[in-house]
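Trainee: Supplied in C-alpha cells, the structure appears directly below.
The values are calculated or read from the model by the stated rules, or taken from the named source; none is laboratory data. Note that the coordinates shown come from a computational prediction; the quantities given were computed from them, not determined experimentally. No Cβ is skipped: glycine too gets one built from the backbone with ideal geometry, and neighbour counts run over all protein chains shown. Calculation scope for accessible area: heavy atoms of the full protein, side chains included, ligands and nucleic acids excluded. Shrake-Rupley method; radii C 1.70, N 1.55, O 1.52, S 1.80 Å.
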Amino acid sequence: MKKLLFLLAVIIWKGITIHGIPSSYAKFLMSYHELGAKLLLLFFFVLLFYRYLLDRLKELKVLSLIKIGLLAPTAIILSTVIFNLIAFPGERSMIFHYPPSQRSLPFLLGALVVGPLFEEMFYRYTLIYTGRKKWLRILTTLCSLLWFSMAHIVNANGKIFLLIPYFIIGFWLTIVYLRNKNLWESVFAHIAYNSLVVLLAIIR
C-alpha cells in the first residue's frame, strides 16, 4: 500500500511536469532536471519507509560494498562498450561527455546523490515486486527497466535506439538490488557508476 502511495505521488508529479502549473515556483519544484521535486519525493519516501531503510542500512557490510562499487560500474561500462562496438563499428566506444556547464554544485549533487537515491527508491524498490508470484516479479522488473530507460529519453536526444545503454545500466542495477533486496546496495552501485562517469568525463 505504501509503495502504491509513493507511485501515485511520482505519477502526479510527472503529470504536473507535463501539463505545467500556474506558479512561479513550477520550474524549481516540478522540472525533471531540478532538485526540488526529487528532494520532496525523497523526503516523502523516507517518511513512508524509514523502518525498512534503517533495517537494511544495518545489514550493509564494508567488503560487500567495495565489491559492488568495483564490479557494478565495471559490468555496466563493459556491457555498454560491447553494445557500442556492435551498434557503431568504427566509432570510439568509450566516450564520456559531461559539459562544463553541468559541473556546477547543483548538477553534481543531482547526478551523484539525489538522482541515484530517487531513481533507486522509485525504479527498483517501488516498482519491482519481490514476492512469490514469479510472473509478477518478471513483469514489474521489465516495467521498471523500460520506465527507467524512457526517463532518460532527453539524454538520448529523443532517439529510442540510444536508450539501450540506459536499459543496460538499469539491468545491472536491478541485479544488484535483487541480489539481497537491499536498496542501499543498488544506491551505492548507482552512485559509484555515476561518480566514475563524471570523473572520467572531467579528466579525459
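Trainee: Once ligands and nucleic acids are excluded and a 1.4 Å probe is used, how much of ARG124 is accessible, expressed in Å² to the nearest 10?
Mentor: Roughly 0 Å² of ARG124 is accessible to a 1.4 Å probe.
Trainee: Describe numerically, in nm with one decimal, the distance between label points set 7 Å from Cα along Cα→Cβ at VAL46 and at LEU162.
Mentor: Here the modelled spin labels are 3.5 nm apart.
Trainee: While we're looking at this one, here's another question. I'd like the accessible area for THR74, computed on protein heavy atoms only with a 1.4 Å probe and all protein chains in place. Round to 10 Å², please.
Mentor: In the full protein context, THR74 sits at about 70 Å².
Trainee: What nm value, rounded to one decimal, do you get for the distance between LYS181 and VAL113 when each label is placed 7 Å out toward the C-beta?
Mentor: 3.1 nm
Trainee: Taking the solvent-accessible surface of protein heavy atoms with a 1.4 Å probe, what is the per residue accessible area of segment 119-172 in Å²? Mind showing how you got there, number by number?
Mentor: Details: 2950 Å² over 54 residues.
Here the per-residue accessible area is 55 Å².
Trainee: Assuming R0 = 35 Å, what is the FRET efficiency of LEU71 and TRP135, from their Cβ-Cβ distance, to the nearest 0.05?
Mentor: Here the calculated transfer efficiency is 0.75.
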